[in-house]
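What follows is a set of notes on a single structure, which appears directly below.
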Amino acid sequence: MVQSSILGFPRIGGQRELKKITESYWQGKVSADDLLAKGKELRAHNWKLQKEAGVDIIPSNDFSFYDQVLDLSLLFNVIPDRYTKYDLAPIDVLFAMGRGLQRKATETTAAVDVTALEMVKWFDSNYHYVRPTFSHSTEFKLTGEIKPVVEFKEAKELGIHTRPVIVGPISYLYLGKADKDSLDLDPISLLDKVLPVYQQLLAQLKEAGADQVQIDEPVLVLDLPEAVQAKYQAAYEALVGDNYPELILTTYFGDVRPNLKAISKLPVSGFHFDFVRVPEQLDDVVSILSSNQSLSVGIVDGRNVWKTNFAKASDFVSKAIEKVGKDRVVVSTSSSLLHTPVDLVSEKKLDPVIKDWFSFATQKLDEVVILAKNASGEDVSEALAANAASIKSRTESSITTNPKVQERLATITESLSTRKAPFPERLAVQKEKYNLPLFPTTTIGSFPQTKDIRVNRNKFAKGEITAQEYETFINKEIETVVRFQEEVGLDVLVHGEPERNDMVQYFGEQLDGFAFTTNGWVQSYGSRYVRPPVVVGDVSRPKAMTVKESVYAQSITKSPMKGMLTGPVTCLRWSFPRDDVSGKVQALQLGLALRDEVQDLEAAGITVIQVDEPAIREGLPLRAGKERSDYLNWAAQSFRVATSGVDNSTQIHSHFCYSDLDPNHIKALDADVVSIEFSKKDDPNYIQEFSNYPNHIGLGLFDIHSPRIPSTAEFIARVEEILKVYPAANFWVNPDCGLKTRGWAEVKESLTHMVEAAKHFRAKY
Ligand code: MET
Ligand SMILES: [Zn+2]
């Protein structure tokens, strides 16, 4: 019989319960016990859901209060000293490492002030993990509650036998980095030290009754150095034995073939591969299986919302069965379902035609079950027929095609996507036009999204206030933000984005070719979730999207007002993309739509325009080669399509955050000024990489994910460090990213300190 499995389920709850309770805990409104109890409830709910759907292999330890990689760091005692010296409860250590903690002293507790660990993109997804941070003094040992064991037992008590998920040792180390005090440390060199801890963990899981463990080694889809590949054999030999559960080694998001040698003789019980992304790898991966190893076939997309095409997927599963036999095949999701919304049933407003094309995490449970049943020879003809009808409806629908957009796409030329003059010439006219001081200060766009803003937005959405009333409210917010920026002395102002629920959704809602959910939340990091729109058809812009707000903001100040748009690649990456046309086509369509917006802004007198591309880095194909260079070309081209229609004196900004950005990847965008998330980068080599960046740049000076407020002295020290390698004349002063998740009090203080620091350097240079 062919079994069904999933690699992980969204932990956030169908109504964002996890966010609500976590944030209440941070605000001191509920106790740690309440928080932990809610976690338990969510886990139980998810397990039961899977059980009821008939999933054979159900994961545990896929839950987390912040991030599963961070959980492992905590469990393994990979906790830099700065987090342990305060005697915090384990859950508070977890949050301090994840998001930083600044707390005033009370009668019974000392003051706490510690920054967060670095947070980076999880492969090419929009999920972020907290980077394991090692030093020479790291002492691996199991500490505190053994979460995977506790959660395994918890499920067991509910009568549900689960397969615990853990990140494997090589991925865990490889995804980490050396701490500031140990920069010469290569994390992989710690393998011998971490393996005994894995052994203890596995032994405890076995003792608790686990017979299998899903061990994730996603780094196997990267260009792994030979030296790292060479570590697999010995590492996994150390983790296999009678005292341990069987291991299913899991990879996802890409192509394992270039690293196949590394895993071809591992003594594990089975492997999982992502055949949604790379169906071509079937023959090669099968060739390494020994006759008793199972093959988990990731064929239901864990990264997108489209219904699985049962006919195609069944064919694929049959092929796998032909090769290894029914008993060794498991039908699974390509990756964890963490990256998909929880349940389509909550979507009451979606056009029923389009809704019928979708499948969210809960529906994907049924999909793996049906595919497994079908492969086992059970009669699922009704489900197959219904599926075939939906697939047909989508293929034949007129919603997906717009001939006008396709015609315009054919008009894109080199000159259409090139600025009128090269940067030095543009810089000269821009200097004259804006007359900005040295170390110009600016922010990245958003200001605090207060409760008042959310309440009014909801009222407007529900029709409880009129468009006029809403506009008056938004204008008042804009005015507050403008006045504040003038007071603190910022140079290039922003309107604060109060009208935007989300930087992608806001545009998606105004563009043709998108669909939206009301409850399709997906975790981005910690308690921050996003609700990606879905690209369902050819994209175009029916009318101006941002001009009104920007023009109003400019009308109430003499300082330059920066228009604010989300770039084509980010709009695409932070949506669920179509799977029936290429990413390139979708990005260029978005580029054309945004080009119209840029030109409308310029015509309306908004001549500093920022086009954000924070997602450009995460879209980078995971392996070097043609696919990657093609991507970089079309990503840059779509940005230039959007931004090249303007005058030389119009200053185009762009912004990047969340990841290690290679400056070479953004040169081709040819923006006049870029701002980059930078405050948590302490590697001097990384700073050095930016020193040759040709255009102007603002290396972010404070962490906007953390409530912590840096002092003026801290800003000065940081800038001094950067100026050792970076030319002062090109340097802009700004935060890492937008301020929408912060409170006004923090923002006021932080920005005041930041501007003070800029003034200090102006005086000095
Ligand atoms: C994730 S990048 C965010 C950029 C946007 N302009 C903001 O300030 O919020
Ligand atoms: Zn950002």
Note, GLU322: beta-carbon cut-off 12 Å, +1 each Lys/Arg, -1 each Asp/Glu, net +2
So for R0 = 56 Å, FRET eff. of TYR434-SER318 from the Cβ-Cβ r, to 0.05, ends up at 0.30
Here, VAL725 and GLU486, labelled 7 Å along Cα→Cβ, have an inter-label distance in nm of 4.1 nm
A chain fully extended from LYS548 to ASP580 at 0.36 nm per residue, minus the present Cα-Cα distance, gains in nm 8.0 nm
In whole µm²/s, the translational diffusion coefficient that Stokes-Einstein assigns to the range 476-631, given a Kirkwood hydrodynamic radius over C-alpha pairs, 10 °C and 1.306 mPa s, equals 95 µm²/s
FRET efficiency (SER291, HIS136; Cβ distance; R0 41 Å; to 0.05) is 0.40
Rounded to one decimal in nm, the spacing of the 7 Å Cα→Cβ label points at ALA37 and LYS462 is 2.8 nm
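Starting from the Cα-Cα distance between LYS626 and SER381, subtract it from 0.36 nm times their residue separation and give me the gain in nm to one decimal.
That works out to 84.0 nm of additional length.
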Volume per residue (Å³) of the convex hull spanned by the alpha carbons of the chain is 158 Å³
For ILE609, ILE666, ILE188, ascending order of other Cβ atoms within 10 Å (fewest first) is ILE188, ILE666, ILE609
Inter-part gap, Cα centre of the range 323-355 to Cα centre of the range 48-124, in whole angstrom, is 28 Å
Of all GluC sites (Glu not before Pro) in the range 345-434, the ones in DSSP coil with at most 16 other Cβ atoms within 10 Å are GLU378, GLU414
Heads up, the range 395-493 by the C-alpha gyration tensor (a ≥ b ≥ c square roots of eigenvalues; a/c under 1.5 rounded, else a/b over b/c prolate, else oblate) looks oblate
Beyond 23 Å, the calculated P(r) of the range 237-343 holds a percent of Cα-Cα pairs equal to 27 percent
The alpha-carbon pair-distance distribution computed for the range 128-260, with 5 angstrom bins and whole-percent values, is 2, 10, 18, 21, 20, 15, 9, 4, 1, 0
Helix 310-324 sits off the longest principal axis of the Cα atoms of the chain, rounded to the nearest 10 on a 0 to 90 degree scale, by 50 degrees
In Å, the Kirkwood hydrodynamic radius from C-alpha pairs for the range 602-677 sits at 13.1 Å
Hits in the range 700-724: amide N under 14 Å from the 7 Å Cα→Cβ extension of TYR686, namely 700-704, 722
Of every Cα-Cα pair in the range 637-765, the percentage lying beyond 22 Å is 38 percent
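Given the DSSP H assignment, sum -39500 (n - 2.57) over each helix run of at least 4 residues in the chain and divide by its residue total; what's the result at 222 nm in deg cm²/dmol, nearest 500?
Helix-only estimate at 222 nm: -12500 deg cm²/dmol.
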FRET efficiency for ASP87 and GLU17 from the Cβ-Cβ distance with R0 = 30 Å, rounded to 0.05, comes out at 0.50
Those trypsin sites (Lys or Arg not before Pro) from the range 227-275 that are DSSP loop and have at most 14 other Cβ neighbours within 10 Å turn out to be LYS265
If one compares the long axis through the Cα atoms of helix 744-764 with the longest principal axis of the Cα atoms of the chain, the angle in degrees, nearest 10, works out at 60 degrees
From the Cα centre of the range 412-490 to that of the range 157-173, the distance in Å is 45 Å
The pairs in LYS558/LYS724; LYS584/LYS667; LYS451/LYS681; LYS121/LYS193; LYS19/LYS451; LYS141/LYS680 lying past 24 Å Cα-Cα in this model are LYS558/LYS724; LYS451/LYS681; LYS121/LYS193; LYS141/LYS680
One computes Rg over Rh for the range 328-432 from alpha-carbon atoms, with the Kirkwood Rh, and obtains 1.26
In debye to the nearest 20, the charge dipole size for the chain, taken about the Cα centre with +1 at each Lys and Arg Cβ and -1 at each Asp and Glu Cβ, equals 900 debye
Rounded to one decimal in nm, the spacing of the 7 Å Cα→Cβ label points at VAL345 and ALA421 is 6.3 nm
For the range 629-722 the mean separation of alpha carbon contacts under 8 Å (6+ apart) over residue count, i.e. relative contact order in percent, is 24 percent
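Read the figures in this text as sums done on the coordinates, not as results from a lab. Note that the structure is a prediction, hence the values are computed from the model and not measured. Using ideal geometry, Cβ is built from the backbone for each residue, glycine included, and neighbour counts are taken over all protein chains shown.
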